[in-house]
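Notes for the one structure printed next.
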Amino acid sequence: MLVQSPVAGDSRVLREAAALTAEGHSVHIVGRDVPDGFDPGDGITAESVSRSRGMRPPGTPRGVALASSSGLKAAVRRAGRWLLLPEHRERTERRWRDDAARLLAGRPAHDVVHAHDYNTLALGADLARQWSARLVYDSHELWFDRGLPGRPTPLARRRGRRTETRLAGQAQVVLTVSEGIAARLRSRGLRDVRVLRNTFPLAEHEPPDLPDAPAGFAYAGRIGPGRDLEAVVGAAARLPSLRTVVAGPADPGYRLDTTGVEVLPPMSLADVDRLYQEVGVAVVTLTDTCENHRLALPNKLFHAVRAGVPVVAANLPELHAVVLRYGLGRLYQPGDASSLATAVEAVAADYTGHVQAVRKSRSELSWEHDSRVLVGAYADLEAA
C-alpha cells in the first residue's frame, strides 16, 4: 500500500490493511510520519517516507500562522503563498513519490500495489509494471474537484483528470468512498469501480441507552477551513442551553472564534464514541464549495452511527441520500448557522425516533458490512 498521509492517523488505510490480513494476505504500507514503535497490527508492516510540512519561513515553528505578521510584509507573504501554493503542493507530492521509489528499488516483487489517492497513483502504476503486479486504485476523494487553498489552476486540473483516467485505467479494480464519486469515475471510462464507504467497525458492546433528549451537539474531526465550523459556532449562540463541542487537530494558522464552544484536543475512537453519547447529537459539517464536498460521505457520519447517535448533516447530495434513506437525523444548509440550529432542534423534538433509526441501521452502515467489498475485490484479483 502506498499513501502520502500520516499512516497512524489514517483509519481507512489501517482498516483496509487489517481486513486483508484477516483473509490471509500480508500487507506492507509505505506512508508518512510513522511513529517509532507504531504497531499497525498483525501481518502488517509500515515504514515512512518523509514529506515537507508546508511553506513556513525558516525557523517558524509548526502551528504559528503566517498571518500573524503585520503590515505590508505580511500581505506580501500571504499573496506569495496564495500564488505559489499549488506548485509547492505538486513539488512535495512528487518528492514523496521519488523518495518512495528509491526506498522500494530492489525490493522483492509484491502481488498487488494498492495506491491510495491520486498522489501515489503514478508510482503505483510504475511499480505494478516493474513487478508484473495487479494495481488497485483507492480514490478517497474526487481528487481534481477538491477545494484547495491557493490560486485557481483550471488547466492543471483538466490535465490532472486526464492523467488520472489514463493511469487508473491500468488498475484492475478502482475503489472509492461514495456512489457519487463512483459515477463520476465510471463516466470517464473506468470499468470496475466499487464503493467502499468510510464506515467504522461496530463497537464490542451495544451503545448505551440515551436519555429522551440530547444535552448538546459535537463536531469531531479536523479543525480547519472547508469544515463549516463557523456555522457550528453560530448555532451554539442560538442554542445556549445545549453544549457545543468541537474536538480534533487544528490546522496551523486556522482562526475560529469559539465563543460559547468547548474546544477539545484530538481523541481516540472510543473517546469520540463517548463524547457523542454524552452530548447526544453529532454534526457532520462541510461547506458547499466544491464538487468533492457535494459527493463526499465523511467518516464522521459513520462514526456517529457506530456510537448510536443521530446526526445533523450538511444538505449535500450524498449526505442527503444516506441520512434520509436511513432516517439518521436532519439536514441543514451549509453556511447557515440558523439552519443548523433549527436542524438540531428538530432532532431533539423526535430524539427517541432518530436514535431508534440510527441503531436499526448500524449493521448495514458498518465496516463489517462494507469490508466485504474490499475482500471480494482481492478475491477476484486472486482468482484472475
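So which residues in region 228-248 are within 24 Å of Leu316 (Cα to Cα), without any contact (Cβ under 8 Å) to a residue 60 or more places away in the chain and not small (Gly, Ala, Ser), if there are any at all? Of everything in region 228-248, those that are within 24 Å of Leu316 (Cα to Cα), without any contact (Cβ under 8 Å) to a residue 60 or more places away in the chain and not small (Gly, Ala, Ser) turn out to be Leu229, Thr244, Val245, Val246.
Filtering region 4-17 for residues that are outside any loop (DSSP other than H, G, I, E, B), at pLDDT 95 or above, surrounded by fewer than 16 Cβ atoms within 10 Å (Cβ to Cβ) and assigned by TED's automatic domain parsing to the domain that holds Ala125 leaves an empty set.
Is one or more of the residues making up region 282-295 under 20 Å from Ala203 (Cβ atoms) and either crowded, with 17+ Cβ neighbours inside 10 Å or under 16 Å from the mean Cα position of the chain (by Cα) (or both)? Looking through region 282-295, at least one residue is under 20 Å from Ala203 (Cβ atoms) and either crowded, with 17+ Cβ neighbours inside 10 Å or under 16 Å from the mean Cα position of the chain (by Cα) (or both). Per the listing Gly160, Gly124, Gly150, the residue uniquely part of a loop (DSSP other than H, G, I, E, B), over 16 Å from the mean Cα position of the chain (by Cα), surrounded by 14 or more Cβ atoms within 10 Å (Cβ to Cβ) and in the same structural domain as Gly9 (by TED's automatic domain parsing) is Gly150.
For every residue, the table says whether it meets (1) at pLDDT 95 or above; (2) closer than 15 Å to Phe217 by Cα; (3) touching a Gly at 6+ places or on another chain (Cβ under 7 Å).
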{"position": "Leu256", "(1), (2), (3)": "no, no, no"}
{"position": "Asp273", "(1), (2), (3)": "yes, yes, no"}
{"position": "Tyr276", "(1), (2), (3)": "yes, yes, no"}
{"position": "Ala282", "(1), (2), (3)": "yes, yes, no"}
{"position": "Thr285", "(1), (2), (3)": "yes, yes, no"}
{"position": "Thr289", "(1), (2), (3)": "yes, no, yes"}
{"position": "Leu297", "(1), (2), (3)": "yes, no, no"}
{"position": "Val305", "(1), (2), (3)": "yes, yes, no"}
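Of all residues in region 335-362, those that are basic (Lys, Arg) have Cβ atoms under 9 Å from Cβ atoms of residues that are not in a helix (DSSP H, G or I), 6 or more apart or on another chain, in Arg359/Glu206; Arg359/Pro207; Arg359/Gly308; Lys360/Gly327; Arg362/Leu202; Arg362/Glu206; Arg362/Pro207; Arg362/Gly308. Quick check on region 42-74: of everything there that is modelled with pLDDT of 80 or more and not β-branched (Val, Ile, Thr), which residue is surrounded by the most Cβ atoms within 10 Å (Cβ to Cβ)? Here the answer is Ala46. Looking at region 356-375, can you tell me whether even one residue there is surrounded by fewer than 16 Cβ atoms within 10 Å (Cβ to Cβ), closer than 25 Å to Ala215 by Cβ and out of contact with any helix residue (DSSP H, G or I) (no Cβ under 9 Å at 6 or more places or on another chain)? Yes: region 356-375 contains one or more residues that are surrounded by fewer than 16 Cβ atoms within 10 Å (Cβ to Cβ), closer than 25 Å to Ala215 by Cβ and out of contact with any helix residue (DSSP H, G or I) (no Cβ under 9 Å at 6 or more places or on another chain).
The values are calculated or read from the model by the stated rules, or taken from the named source; none is laboratory data. Fair warning: this is a prediction, and the values are worked out from it, not measured in the lab. For neighbour counting, all protein chains shown are included, and Cβ atoms are generated from backbone atoms with ideal geometry for every residue, glycine included.
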